[in-house]
1. May I ask you to compute the full-extension gain from V242 to K96, defined as 0.36 nm times their residue separation minus their alpha-carbon distance, rounded to one decimal in nm?
2. Could you pull out every residue, at least 5 positions away or on a different chain, whose amide H is within less than 5 Å of the one on L55? Hs are placed 1.01 Å off N in the peptide plane, and Pro or chain starts have none.
3. From the C-alpha gyration tensor of the chain, pull out the three semi-axes of the equivalent ellipsoid (sqrt of 5λ each), sorted largest to smallest, in whole Å.
4. Expected output is a single nm value to one decimal: the length gained when fully extending between A229 and H213, i.e. 0.36 nm times separation in residues minus the C-alpha distance. What is it?
5. Whole-Hz ³J(HN,Hα) for each residue in the range 179-184, computed from phi via Karplus 6.51 cos²θ - 1.76 cosθ + 1.60 with θ = phi - 60°, x for glycine and proline: what do you get?
6. Is the range 197-271 best put as rounded, prolate or oblate by its Cα gyration tensor, with a ≥ b ≥ c the root eigenvalues, rounded for a/c under 1.5, and otherwise prolate when a/b is larger than b/c, oblate when not?
7. Could you tell me what percent of the DSSP beta bridges with both partners in the chain are antiparallel, to the nearest 5?
8. Along the charge dipole of the chain, Cβ charges K/R +1 and D/E -1, which of G149, V102, G60 sits furthest on the positive end?
Amino acid sequence: MAARTISNEFRNVDNAETADRLVQYLEYVDSQPQTRQTKADSYGYLGLKEGDCVLDAGCGPGYDALRMAAMVGKRGKVTGIDLSERMIAIAEAKAKGTSLPVSFRTGDVRKLPFPDASFDKVRIERTLQILGNPGQVLDEMIRVLRPGGRLLSVEPDWETMVCDPGSRDTARVFFRFCADQFPDGSTGRKLYRYFRERGLSDVTVHPAPLVLHDFSLTAKMMNMEQFLAAAQEKGVLGKDDVASWLADLKAADAKGHFTFAGLMFAVVGRK
């Protein structure tokens, strides 16, 4: 049996054993000020305005779609699409009674159920990293984008992640292991090239550093316990090495000396 990590759980969200945990995880991440700021910045990069027709691809529980709907006004429209029926049901429940111009539907971002040139703006976040062919997804999003419209993708690069103090060797092995659990854990750094290869213009890269000094917060956002268990199960890290590393991190945290950092990349381009 393959080790369970959040990377493969997100490829099968509607599995009854994982759905509730993933929803709770997304709610927790979305509640953090650092996450909210990155999201707010991304709406600005898209240049959302009243009357825009927007697609939120891989919308999850609908947090971003609802916020963008409030920005495009009654003359605009936001559509959220996600492969998970559970996520769409939650998003629809959140939208009910808001009178916001937003709708949700289940569907595959690799084969969008929309005509060509349907949207003014398209946004996708932390979805390309879990799919095996990000180029196919980007091609589909460009297809449904109107000429002159903007495409935005926000993705992490797991290989940029570092922490201090503790064994550098253990940290390097661990974060590389995390990256390797995704089809491509370094998607973030490749977005500029992907956009340029597809003929998008005015492509700009907006790095979004995440810096944390709270070990507990880091562990939750990183799903550290789950990844460490998987790394030990696969023989990548030994039990003693993990125990020593965690002891050093927690001791530093208790003194206010702990640091974690990593990069998200927000990239926007025009069709």
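What follows is calculated from the coordinates using simple rules that are stated; it is not laboratory data. These numbers were taken from a predicted model, which means no experiment stands behind them. Please note: Cβ atoms are built from the backbone with ideal geometry, for glycine as well, and neighbour counts cover all protein chains shown.
1. Full extension of this stretch gives 48.0 nm more.
2. So L55 has HN proximity to T79, K121, V122, R123.
3. Semi-axes (√(5λ), whole Å): 34, 19, 18.
4. Full-extension gain reported as 3.5 nm.
5. Ordered by residue, 3J(HN,Hα) equals 4, 6, 7, 9, x, 8 Hz.
6. oblate
7. Here the antiparallel bridges make up roughly 50 percent for the chain.
8. Of the options given, the answer is G149.
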